[in-house]
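Undergrad: Before anything else, here's the structure in question.
The values are calculated or read from the model by the stated rules, or taken from the named source; none is laboratory data. Everything numeric in this text was worked out from a predicted model, so none of it was measured. All Cβ positions, glycine included, derive from the backbone under ideal geometry; neighbour counts span all protein chains shown. Keep in mind that these areas ignore ligands, DNA and RNA; they rest on the heavy atoms of the full protein, side chains included. Shrake-Rupley method; radii C 1.70, N 1.55, O 1.52, S 1.80 Å.
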Amino acid sequence: MTLLGPERAAPEPVVRIAAVGDIHLGEDCAGLLRPAFEALPDCADLLLLAGDLTRHGSVAEAEVVAGEVASLGVPVVAVLGNHDHHAGTPDEVGGVLRDAGVLVLEGESTVLPVAGHKVGVAGVKGFCGGFVGRSAGEFGEPEMKAFVRATRRSAEGLARALGELAEHGCAVRVALTHFSPVPDTLAGEPPEIYPFLGSYLLAEAIDAQGADLAVHGHAHLGTEHGMTAGGVRVRNVAQPVIDHAYALYRLPLDGSAAHADTTTARYGNR
């Protein structure tokens, strides 16, 4: 007679999302993160880069970043940050990264196959402006109108990109930005600079179109965990915050992602 143990349910399918921002690589940083990134195929299905990948936005620095993330064995999706714009050549910086196989998004989306499911990422740099009750308005001088208009257009681009992912029927949708959509993840930063670290318009776009996770950087002294008013989990993955080469989040692919907690792990030394 054969005794059979209790029947075990198949493991729940998940997407494993590695994410980091604000790595600020200079020309002297070649090989700094590569050893940690080479372990990604063993623990992650994709890598998200949340902007400020370079120190000053030079093409030479972008080439260093490209060398760190080229041919890792997992898709790499990125947005640029304010540092990546500093030299005035963001198109060239993005081009170097794209040549290395990185999917660089700005008001765009991408759909990736994971375990027979579709995982969508919508990306935009975002911009400043502040949060509900303490935000700049599109009123007054042309300079102020242009400042707020830049954020509004960025949020509109994020909303369109998330809408595209809904049309594709993605099991998991992620909003990737550099600037923060919520004040929660800025805790630790001086309150006086909150308006320069993000905008509530990004959160409104996320809540209006829906997402399972929002990932950003920029706030080096901030906090990892936050949430939009609509209940979307927000994670600040600036490297000074997560203090490792990347953080890892697991989201179920069976349609329950909106109701599940992310599990955070730390991987690799900086």
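Undergrad: When residue 233 is evaluated against the numbered criteria (1) open to solvent by 20 Å² or more (accessible area, probe 1.4 Å); (2) under 18 Å from residue 20 (Cβ atoms); (3) free of Cβ contacts under 8 Å to residues at least 40 places away in the same chain, which criterion, by number, is the only one it fails?
TA: Among (1) open to solvent by 20 Å² or more (accessible area, probe 1.4 Å); (2) under 18 Å from residue 20 (Cβ atoms); (3) free of Cβ contacts under 8 Å to residues at least 40 places away in the same chain, the lone unmet condition for residue 233 is (1).
Undergrad: For residues that are open to solvent by less than 10 Å² (accessible area, probe 1.4 Å) and outside any helix (DSSP H, G or I), tally how many sit in segment 174-210.
TA: Qualifying residue count for the region: 11.
Undergrad: State yes or no: is residue 23 assigned to a loop (DSSP other than H, G, I, E, B), touching a residue at least 40 places away in the same chain (Cβ under 8 Å) and of a type outside the set (D, E, K, R)?
TA: Values: assigned to a loop (DSSP other than H, G, I, E, B): yes; touching a residue at least 40 places away in the same chain (Cβ under 8 Å): yes; of a type outside the set (D, E, K, R): yes.
Against the criterion (assigned to a loop (DSSP other than H, G, I, E, B), touching a residue at least 40 places away in the same chain (Cβ under 8 Å) and of a type outside the set (D, E, K, R)), residue 23 qualifies.
Undergrad: Let me ask another. Just need a number here: residues in segment 182-201 that are in contact with a helix residue (DSSP H, G or I) (Cβ under 8 Å, 6 or more places away or on another chain) and over 13 Å from residue 222 (Cα atoms).
TA: The qualifying residues number 2.
Undergrad: Here is a further query. Kindly indicate whether any position in segment 32-39 is at positive phi and touching a strand residue (DSSP E or B) at 6+ places or on another chain (Cβ under 9 Å). Walk me through it before giving the result.
TA: Going residue by residue through segment 32-39, those that are at positive phi are none.
No, segment 32-39 contains no residue that is at positive phi and touching a strand residue (DSSP E or B) at 6+ places or on another chain (Cβ under 9 Å).
Undergrad: If you don't mind, another one. Which condition from (1) assigned to a loop (DSSP other than H, G, I, E, B); (2) crowded, with 24+ Cβ neighbours inside 10 Å is the one that residue 223 breaks?
TA: The number of the failed condition is (2).
Undergrad: Here is a follow-up. What's the number of the condition residue 140 fails, among (1) open to solvent by 70 Å² or more (accessible area, probe 1.4 Å); (2) at pLDDT below 95?
TA: Every condition holds for residue 140 apart from (1).
Undergrad: Considering only segment 46-63, how many residues are open to solvent by less than 40 Å² (accessible area, probe 1.4 Å) and not in a strand (DSSP E or B)? Spell out how you get there, then give the answer.
TA: Step one: list which residues in segment 46-63 are open to solvent by less than 40 Å² (accessible area, probe 1.4 Å), which gives 46-54, 57-58, 60-62.
Filter once more, keeping what is not in a strand (DSSP E or B): 51-53, 57-58, 60-62.
Total satisfying the criteria: 8.
Undergrad: Still on this model: Can you tell me which residue is nearest to residue 123 (Cα to Cα) among those in segment 34-45 that are assigned to a loop (DSSP other than H, G, I, E, B) and within 18 Å of the chain's Cα centre (by Cα)? Spell out the reasoning first.
TA: Taking segment 34-45 as the starting set, the residues that turn out to be assigned to a loop (DSSP other than H, G, I, E, B) are 38-39, 44-45.
Add one more test, that the residue is within 18 Å of the chain's Cα centre (by Cα), and what stays is 44-45.
On the way: 44: 19, 45: 18 Å.
Of everything passing the filter in segment 34-45, 45 is nearest to residue 123 (Cα to Cα).
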